[in-house]
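Presented below is the structure to which this report refers.
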Amino acid sequence: MGIRVVYTDLDGTMVGPSGCFFQNEDHSTTLDPAHALIGLHRAGIALVLVSGRTRPQLVEASAIFGADGFIAELGAIVGWDHGRGSRILRGAMPDDLDRIPDPLLTALIERYPGRLEAYRLWHPGREVDVMLRGNIEVAEVNAWLVAEGFDWLTIRDNGIISRAVMPTLDDVPHIYHLVPEGVSKGAAVAFDLARRGLRPEQAIAIGDSASDLVMAGQVGRMHLVANALRHSDLVALLPGYDNVVVEDGGFGSGWASAVRSALPTAWPATI
C-alpha cells in the first residue's frame with residue numbers, strides 16, 4: 001500500500017538551528033525542502049511533526065507546514081485535527097502527580113552548577129516534561145534519579161544547540177528533556193499508528209538525535225539527516241537497528257531526500 005505517513009523531527013531535521021525552512025547548513029537559500037513538502041502533500045501522505053516543543057508551538061507549526069498531526073514534549077502529547085483532538089501519554093508518572101516536582105528539578109540543577117539549567121525560553125506551556133540545556137552525562141543523571149527514588153523518571157538528550165545560548169560553558173551545549181519512563185517519541189508514534197489503523201511498514205520517520213532514533217522500532221524505515229552523526233550517543237546506538245538510512249545531506253536537504261523516498265515511484269523530483 002506504500003507509505004501513508006511521515007513522522008519527522010522539527011529542529012535540526014526539517015528546519016535548521018535558526019528555525020528556517022529555506023536555508024542549508026551553510027546558510028545558503030534553498031527551495032528543495034519546500035518542493036519535497038509540496039510533493040508529500042500532493043501524494044496524499046500525512047505529515048506528523050514530532051518534537052520536544054510544546055502543544056501550542058506545534059499547533060502553530062502544523063498549520064504552517066500543513067501537518068496532519070503532531071507529537072509534542074518528546075512523546076508526551078499526541079495531537080490531531082488541528083489540536084482539537086489529543087491524548088496525554090503519562091508513562092510511569094505516579095497517579096498522584098500532575099507534573100515533575102519542582103524540588104527535584106532544583107536539586108538536579110544544583111548538582112551540576114554551570115553545566116545544567118532550565119531552558120526558560122522554552123519552558124512556559126509545558127504540560128508533562130521539563131526542558132533543560134547544558135552538557136552532562138545522561139547515564140550518570142539517570143543513575144542519580146534512581147538513587148534518589150525517582151526511578152520513574154529519565155533524562156533524554158534531544159540534540160546539540162548553538163554555543164551562543166550558554167557562552168560560559170566549555171563544552172557544546174545540548175538540549176535535555178526530563179520525562180517519565182515509558183514516554184518517548186517511539187511510544188507516541190506507535191500510539192498514533194494504532195489510532196490511524198496503520199502498520200509500521202506504512203510509515204517512515206526522520207530525525208537527527210538519539211531521542212529520534214527510538215522511532216526506528218515503530219516504523220518501516222528510519223532516516224537520519226547527516227548532522228545526526230555528530231551525536232556520539234546516537235552513533236553508538238546505530239548497530240542495534242537494521243532499518244536506518246543516513247542521508248548524505250544535513251537538515252533541510254537531507255530531510256527533503258528522506259521525504260522523496262516516501263513518494264510514489266516515479267514521482268517528480270521537483271514540483
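Taking the conditions (1) in a helix (DSSP H, G or I); (2) in the same structural domain as R133 (by TED's automatic domain parsing); (3) touching a Leu at 6+ places or on another chain (Cβ under 8 Å) in turn, F191 satisfies each one other than (2). Scanning region 223-234 for any residue that is in a strand (DSSP E or B), of a type outside the set (V, I, T) and closer than 22 Å to I38 by Cβ turns up at least one such residue.
For the condition of a type in the set (V, I, T), at pLDDT 90 or above, touching a helix residue (DSSP H, G or I) at 6+ places or on another chain (Cβ under 8 Å) and under 19 Å from E181 (Cβ atoms), I88 does not qualify. With respect to the conditions (1) hydroxyl-bearing (S, T, Y); (2) in a helix (DSSP H, G or I); (3) assigned by TED's automatic domain parsing to the domain that holds F191, S18 falls short on a single one, namely (2). Checked against (1) over 24 Å from R99 (Cβ atoms); (2) in contact (Cβ under 8 Å) with a residue 40 or more places away in the chain; (3) polar (S, T, N, Q), N158 passes all but condition (1). Meeting the requirement of 2 or more residues that are among the charged types (D, E, K, R) and outside the structural domain of N158 (by TED's automatic domain parsing), the helices (runs of 4 or more DSSP H) wholly within region 29-116 are 32-42, 55-65.
Annotation note: of A194, A216, A203, the sole residue that is closer than 23 Å to S257 by Cβ, free of Cβ contacts under 8 Å to residues at least 60 places away in the same chain and among the small types (G, A, S) is A216.
Return yes when A258 is modelled with pLDDT of 95 or more, in a helix (DSSP H, G or I), of a type outside the set (V, I, T) and touching a His at 6+ places or on another chain (Cβ under 7 Å) and no when it is not. Spelling it out, A258 is indeed modelled with pLDDT of 95 or more, in a helix (DSSP H, G or I), of a type outside the set (V, I, T) and touching a His at 6+ places or on another chain (Cβ under 7 Å). For region 182-190, the count of residues that are out of contact with any helix residue (DSSP H, G or I) (no Cβ under 6 Å at 6 or more places or on another chain) and closer than 29 Å to L116 by Cβ is nonzero.
For region 194-247, filtered to residues that are among the basic types (K, R) and surrounded by 15 or more Cβ atoms within 10 Å (Cβ to Cβ), the residue that is nearest to D157 (Cα to Cα) is R230.
Condition check ((1) surrounded by 15 or more Cβ atoms within 10 Å (Cβ to Cβ); (2) within 20 Å of R260 (Cα to Cα); (3) among the acidic types (D, E)) across all residues:
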residue: Q23; (1), (2), (3): yes, yes, no
residue: H27; (1), (2), (3): no, no, no
residue: P33; (1), (2), (3): yes, yes, no
residue: L40; (1), (2), (3): yes, yes, no
residue: G44; (1), (2), (3): no, yes, no
residue: V48; (1), (2), (3): yes, yes, no
residue: V59; (1), (2), (3): yes, no, no
residue: G66; (1), (2), (3): no, yes, no
residue: I100; (1), (2), (3): yes, no, no
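Identify, please: which residue in region 154-171 is modelled with pLDDT under 90 and within 19 Å of the chain's Cα centre (by Cα) and is, among those, farthest from P17 (Cα to Cα)? Top of the filtered list is R156.
The values are calculated or read from the model by the stated rules, or taken from the named source; none is laboratory data. Just so it is clear, the structure is predicted and the values come from calculations on it, not from any experiment. Cβ atoms come from the backbone with ideal geometry, glycine included; neighbour counts cover every protein chain shown.
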